Amino acid sequence: MAKADKLPIMFFAKREADNRFNEPGGSNHCPTWLLSGEELKARADALIHVIEDFKEQVTRKEQQKSLVPFVFKAKIHEEALAKSHRRKISSLFRTSRKNNLLGLVESDEIMVKVETQKDSDEIIKKLKNINGNAHAISAIVWLEAFEPLILESAHVDNYKVRLIDFQDYELNTAIRNNFKLAIESLGFEVEYTEYSPELIIFNIKSITLDDLKQIKSIEAFESIFSIEPMPKFRIELDAVAKPDTIDILQPDSNIDYPVVGILDNGVADIPHLRPWIVHRWSPYPEQLQAKNHGTFVSGIAVYGDVLEQRDWVGTNGLRILDACVFPDTSKEAITEDELVANIKEVIHQYSDQVKIWNLSLSVTEPIDDNSFSDFAVAFDALQDEFNVLICKSTGNCSNFKYGYPKGRIYQGADSVRAIVVGSIAHDKSEWDKAEIDNPSPFTRIGRGPSYIIKPEVVHYGGNAGVNQQNEIVTTGVKSFSVDGTISQSVGTSFSTPRIAGLAAGLYQEIDDEFDPLLIKGLIIHSASYSDKLILPVAERVNQVGFGRPKNVKDILYNSPHEVTLVMRDELFMGEYIDILDFPMPDCLVDDEHYFGQIIVTLVYNPILEPNQRAEYCQSNLEVKMGTYDKKIPRDTSKWNVLNPVGRGNSKNVLLKSLYSKRKMRDNKTEFALKERMLIQYGDKYYPVKKYAVDLSEFTEANRQNYLDRERNWFLQLQGLYRDHIETKSSLQELELSQEFCLIVTIKDPTNTRPVYNQTTQLLDEYNFWHSNIKLRSDIRIDV
């Protein structure tokens, strides 16, 4: 892009008239699983019988003045998991304005607490009202007392214990204190770590399987949700020394460089990195710091483009905070809770100075499809509390050596707030398995729990294969060994600092307060697939997320034939945004119909609830963009009409059904190969959504019906909340909202139309506030 053609991306804001209110609605349609008559009565009687049995245990606990409420679980019919049905089930178990639903055990099993005999009687009374509670009674398949989830192992001596969250601060605090005292009274050492305000993890140390049996016999055992071996960590770095040399880069005293925190095993004091290190932090003495892995990661963050002689990231330099949170594991082991505590401490200490953190370490356990890991929950809580962005690796996998499929991402890489990074190959040697720009053989793949998109992006981390002697051989990326020599190695550990460096470069150039949603959104929005990528279209998002991002300068600037609009806002529950005058430039009209390419990225912060497991993400945002015939006045005197203007015959152009399969298959343009992201996110609660569409691929009938030049364009954003968080907010009088960053790029594929200028004029004509993104300087483009 010529310097004269560099036009900055733009922020724009909704107008007051674009605010809308959710209107009451619903359907009277009865689900097929809804019971009636004798079947309904039989189900109610069966449930009442079980609750009567539970009542005896509740009464006993009351008489003994037990601190821990009785807990049971309810199996929900597989077709009754929708929010509307969940609300009815919640109402069945709600007593005296208490929400007794505690969370999910599995995706179709809910936990319920009963504190008093009166609570039992209220539930029984509701079950006897079979007509008034027919939906809830029909939805419940069975009830049974809850038993803690226990995973035993003869090969570990430290156990990780998670207590039930009883949705009551005082009760939780008392139970945690009582549990700790009970374990200590047995003579065992126990420590606890706050992973998040809602998630406290206990580490019971040096116990045997026989000791576990002893713990099961105490009353405090009833407060346990799960017991499992405490995860331990390992890292590996296979570096091959190279005789290359490179000049030492020196910071410019006139530049205020961003700082990236390297959460690793230490950074060596070598000449190339010494000028860029601003702080060192560690709970471990020098003799317990290995520094090999952290040095290699830091070398890529600072020297990555220079070492490879490529303009992959395009930063002007960055400083390093050496946060050695991980010891030399050949000398000292580390457990998950210790690592979480170390990371929390250093981020807390430096959060005002360091906003971007690189974490290329993993718990060596694959994710669970139905539950977000405690490690991820801890990362999310840290990012929320301190307004930072963590760049996290997916983890490495050696399955390729044995001809097995790639493994799933490791725990921690399921962090919702973090940007998670996989690896693609930058080069190919004789024995390497991956083609250039394709997933590295060792990279772990998604999706994450509840099918969220993880990793979001990829970058270059090397290639690997197996030689004739069945030995793993690698084609590595370049960085530094602990002695300062240039080395090569492979791993997702080394693709991740490129994304951390990219985030730092964007932060440096944007003249505003640090905004992790904006940075994350810009990176994902710019990502695309290489035309060398040979994965099937349906598999791309699982293996490489949204692709490899552009470099700093290409993210922040447009050509005259495209425009990128950014909306950074917050949407409150009960409201939605409906922009009826979206500024679609009519220079993109040919043969009386709109054409062009549109990329839409929505990144938002869903409300998170750790105890809800698969439903950890408690809120959702949906985006629609398209055309309509005309504005229609609406009668707001009607009880269910809250918005005075509506759309006539509107159509969302992001719908896959509008596009011709033949045209999409035959289209071999650069956009079709690299940008197309026409994936229908039918599953809600994805914290990142991205669409890339080419209007030329519309079917002819849809083109005539929905792309006529006389039609208007709209943009809509609407939120959705799960029943649990709606009930919680109602009882606690909380106002629910979601922050979001929406980015829309409109392109002229012919590179001849004045898209940028005409969109700017339309923003003025329609009275939108808009402003070019504020940049600190003109970005240097030479490596």
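The values are calculated or read from the model by the stated rules, or taken from the named source; none is laboratory data. Keep in mind that this is a model prediction, so the values were computed, not measured. Virtual Cβ from ideal backbone geometry, glycine too; neighbours counted across all protein chains shown. These area figures cover heavy atoms from the full protein model, side chains too; ligands, DNA and RNA do not enter into them. Shrake-Rupley method; radii C 1.70, N 1.55, O 1.52, S 1.80 Å.
In whole percent, how big is the carbon plus sulfur part of the accessible area of the stretch 150-206, probe 1.4 Å, protein atoms only?
Ligands and nucleic acids excluded, carbon and sulfur give 47 percent.
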Three-way shape label, the stretch 552-636, alpha-carbon gyration tensor, a/c 1.5: oblate
Within the stretch 382-416, backbone nitrogen closer than 18 Å to the virtual label 7 Å beyond the Cα of Trp281 toward Cβ: 382-392
With all protein chains in place and a 1.4 Å probe, Glu622 shows an accessible area in Å² (nearest 10) of 70
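Would you please classify the overall shape of the chain from the alpha carbon gyration tensor, given that a ≥ b ≥ c denote the square roots of the eigenvalues, rounded means a/c under 1.5, and beyond that prolate means a/b larger than b/c while oblate covers the rest? Please report the intermediate quantities before stating the final value.
Working: a/c = 1.95, a/b = 1.12, b/c = 1.74.
Oblate shape, in that a/c is at least 1.5 and b/c is the bigger or equal ratio.
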Which FRET efficiency value, to the nearest 0.05, do you get for Gln63 and Asp108 by plugging their Cβ-Cβ distance into 1/(1 + (r/R0)^6) with R0 = 51 Å? 0.90
Ranked output for segments 345-353, 305-313, 562-570 by mean other Cβ atoms within 10 Å, highest leading, reads 562-570, 305-313, 345-353
Of Ala381, Gln618, Tyr284, which is farthest towards the positive pole of the chain's charge dipole, taken about the Cα centre with +1 and -1 on the beta-carbons of Lys, Arg and Asp, Glu respectively? Gln618
Determine the calculated [θ] at 222 nm for the chain from helices alone, applying -39500 (n - 2.57) to every DSSP H run no shorter than 4 residues and normalising by the residue count; nearest 500 deg cm²/dmol. -8000 deg cm²/dmol
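At a 10 angstrom cut-off on C-beta neighbours, averaged per residue, how do the peptides 8-17, 538-547, 278-287 rank from highest to lowest? Don't skip to the answer; put the middle values down first.
Values: 8-17: 15.9, 538-547: 20.2, 278-287: 13.7.
Highest to lowest by the protection proxy: 538-547, 8-17, 278-287.
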Measuring from label point to label point, each 7 Å out along Cα→Cβ, what is the Thr669 to Lys656 span in nm? 2.1
Mean Cβ-within-10 Å packing, highest first, puts peptides 246-255, 504-513 in the order 504-513, 246-255
Of all accessible heavy-atom area on the stretch 562-701, the percent that carbon and sulfur account for (1.4 Å): 48
Span per principal axis, largest first, for the Cα atoms of the stretch 613-713 (Å): 53, 47, 16
Where nothing but the Cβ of Lys and Arg (+1) and of Asp and Glu (-1) is charged, how large is the charge dipole of the stretch 35-118 around its Cα centre, in debye to the nearest 20? 600
Once you have the Kirkwood Rh of the stretch 262-392 from its Cα pairs, apply Stokes-Einstein at 4 °C and 1.567 mPa s and quote D in µm²/s. 83
Difference of contour (0.36 nm per residue) and Cα-Cα distance, Lys232 to Thr699: 162.7 nm
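Write down the accessible area per residue of the stretch 317-448 in Å², having rolled a 1.4 Å probe over the full set of protein chains.
Averaged over the residues of the stretch 317-448, the accessible area is 31 Å².
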With only alpha-carbon atoms counted, please give the Rg and Dmax of the stretch 681-783, in Å. 20.0, 57
Assuming R0 = 35 Å, what is the FRET efficiency of Ala46 and Leu642, from their Cβ-Cβ distance, to the nearest 0.05? 0.25
So for the stretch 398-462, what percent of the C-alpha to C-alpha distances run longer than 18 Å? 38
Under a plain spin-label model, where a point goes 7 Å from the Cα along Cα-to-Cβ, how far apart in nm are Gln349 and Arg709? 6.5
Evaluate the charge dipole of the chain about its Cα centre and quote only its size in Debye, nearest 20, assuming +1 on the Cβ of each Lys and Arg and -1 on the Cβ of each Asp and Glu. 1580
Using a 1.4 Å probe over the heavy atoms of the protein chains, calculate the carbon and sulfur portion of the accessible area of the stretch 337-394 as a whole percent. 37
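Give me the 1.4 Å probe accessible area per residue for the stretch 624-783, excluding ligands and nucleic acids, in Å². Could you put the intermediate results ahead of the total?
Details: 8180 Å² over 160 residues.
Per residue, the stretch 624-783 has 51 Å² of solvent-accessible surface.
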What does the charge count near Gly626 come to, summing +1 for each Lys or Arg and -1 for each Asp or Glu among other residues with Cβ under 10 Å from its Cβ? +4
Could you give the length gained on full extension between Glu332 and Asp5, defined as 0.36 nm per residue of separation minus the Cα-Cα distance, in nm? 112.1 nm
Starting from 0.36 nm per residue, how many nanometres of slack lie between Phe188 and Lys630 once their C-alpha separation is accounted for? 151.9 nm
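What do you get for Rg/Rh over the stretch 199-329 if you use C-alpha atoms and the Kirkwood form of Rh? Present the calculation step by step, with values, prior to reporting the outcome.
Values: Rg = 21.4 Å, Rh = 18.2 Å.
Value, to two decimals: 1.18.
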Which three extents, in whole angstrom, do the alpha-carbon atoms of the stretch 117-256 cover along their principal axes, largest first? 81, 43, 30
For the stretch 454-608, compute the orientation-averaged projected area of the C-alpha convex hull (one quarter of its surface), in nm². 15.9
Using only the Cα atoms of the stretch 367-511, build the gyration tensor, take square roots of its eigenvalues as a ≥ b ≥ c, and label the shape rounded, prolate or oblate: rounded if a/c is under 1.5, else prolate if a/b is larger than b/c, else oblate. oblate
Pair Ser253, Gln309: separation of 7 Å Cα→Cβ label points (nm): 3.3
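Assign unit charges at the C-beta atoms only (+1 for Lys and Arg, -1 for Asp and Glu), then state the dipole size of the stretch 367-453 relative to its Cα centre in Debye, rounded to the nearest 20.
On the way: 9 positive and 12 negative charges, 50 e Å.
In debye, rounded to 20, the stretch 367-453 gives about 240.
Quick one: net charge around Gln508, please, counting Lys, Arg +1 and Asp, Glu -1 for every other residue with C-beta under 10 Å from its C-beta.
Net charge around Gln508: -2.
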Between Lys216 and Lys118, Cβ-based FRET efficiency (R0 35 Å, step 0.05) works out to 0.70
Using a 1.4 Å probe, what is the accessible area per residue for the stretch 73-200, in Å²? 46
